[in-house]
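Student: Here it is, the structure, as structure tokens.
The values are calculated or read from the model by the stated rules, or taken from the named source; none is laboratory data. Since the model is a prediction, treat every value here as computed from it, not as a measurement. Cβ: placed from backbone, ideal geometry, glycine included. Neighbour counts: every protein chain shown. Side chains included, ligands, DNA and RNA excluded: accessible areas come from the protein's heavy atoms. Shrake-Rupley method; radii C 1.70, N 1.55, O 1.52, S 1.80 Å.
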Amino acid sequence: MEGQGFNATLYLGKQRLGTVIDDASGGPVMFNLSPEDRSALDEYVQSLPDITCTFNDPDTGKPATLKPSADWFVSNLVNRTDKLKQIKKILKKPTMLVVLEKGEVFKIEYTREVDAKTLTDYQKTYPDHFVFNGLTDD
């Protein structure tokens, strides 16, 4: 197939809404939701701000923007969930520091356990980095 697909169950809080499938064929994500839930999802996604692209619009010379879609939104949720699982796995090792810099996640291994002083020192040195250590899933 053309990429990595997924099968996922979509929830709103604890309420199961249905399933979504990306079969990695290059086609759209398939939604198995009630008409009401699909409509609510589409309405919510339309209320989101435009997506700013990493490339410029040739007509304006400014960063291009796209309207979000339900496909994009659900794929983004799946990707973020996968990234969270990866980060949690890394953080099981007490000598690891995980940070976000310019949209990229980096892991840093120390020779000793990462403690509050290590976190404070790191954040003083790199105030523009986001540190995942000590955060909840929320």
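Student: Looking at P49, P28, can you tell me which residue is at pLDDT 95 or above, assigned by the TED database to the domain that holds Q4, part of a loop (DSSP other than H, G, I, E, B) and not hydrophobic (A, V, I, L, M, F, W, C)?
Tutor: Values: P28 fails: at pLDDT 95 or above.
Within the list P49, P28, the selection yields P49.
Student: Could you grab the pairs with beta carbons closer than 6 Å, sequence gap of 6+ or different chains, first residue in region 106-117 and within 14 Å of L91 (Cα to Cα), second one assigned to a strand (DSSP E or B)?
Tutor: F106/V99; K107/M96; K107/V98; I108/L97; E109/M96; V114/L97
Student: May I pose another question? Can you confirm whether region 6-22 contains a residue that is part of a loop (DSSP other than H, G, I, E, B), over 19 Å from D82 (Cα atoms) and touching a residue at least 12 places away in the same chain (Cβ under 8 Å)?
Tutor: No.
Student: So which of V78, V45 is open to solvent by less than 60 Å² (accessible area, probe 1.4 Å) and over 30 Å from I108 (Cβ atoms)?
Tutor: Values: V78 fails: over 30 Å from I108 (Cβ atoms).
Only one candidate qualifies: V45.
Student: Same structure again: Identify, please: which residue in region 93-104 is part of a loop (DSSP other than H, G, I, E, B) and open to solvent by 60 Å² or more (accessible area, probe 1.4 Å) and is, among those, nearest to R80 (Cα to Cα)?
Tutor: Looking at the filtered set, the residue picked out is G103.
Student: Could you list, in sequence order, the residues of region 124-135 that are surrounded by fewer than 11 Cβ atoms within 10 Å (Cβ to Cβ) and not in a helix (DSSP H, G or I)?
Tutor: Scanning region 124-135 gives P127, D128, G134.
Student: Would you confirm, using the coordinates I've provided, whether K107 is exposed (fewer than 10 other Cβ atoms within 10 Å of the Cβ), not assigned by the TED database to the domain that holds L12 and not hydrophobic (A, V, I, L, M, F, W, C)? Step through it out loud before you land on a result.
Tutor: Numbers: exposed (fewer than 10 other Cβ atoms within 10 Å of the Cβ): no; not assigned by the TED database to the domain that holds L12: yes; not hydrophobic (A, V, I, L, M, F, W, C): yes.
So K107 does not fit the description; no.
Student: In region 93-118, what count of residues is obtained for those that are within 12 Å of F132 (Cα to Cα) and among the basic types (K, R)?
Tutor: Adding up the residues that qualify gives 1.
Student: Right, next: Exactly one of (1) hydrophobic (A, V, I, L, M, F, W, C); (2) within 30 Å of T118 (Cβ to Cβ); (3) within 12 Å of the chain's Cα centre (by Cα) is unmet by I90. Its number?
Tutor: Unmet condition: (3).
Student: Okay, moving on. From the list D138, D59, D121, which one is part of a helix (DSSP H, G or I) and without any contact (Cβ under 8 Å) to a residue 24 or more places away in the chain?
Tutor: Values: D138 fails: part of a helix (DSSP H, G or I); D59 fails: part of a helix (DSSP H, G or I).
Matching residue, one of D138, D59, D121: D121.
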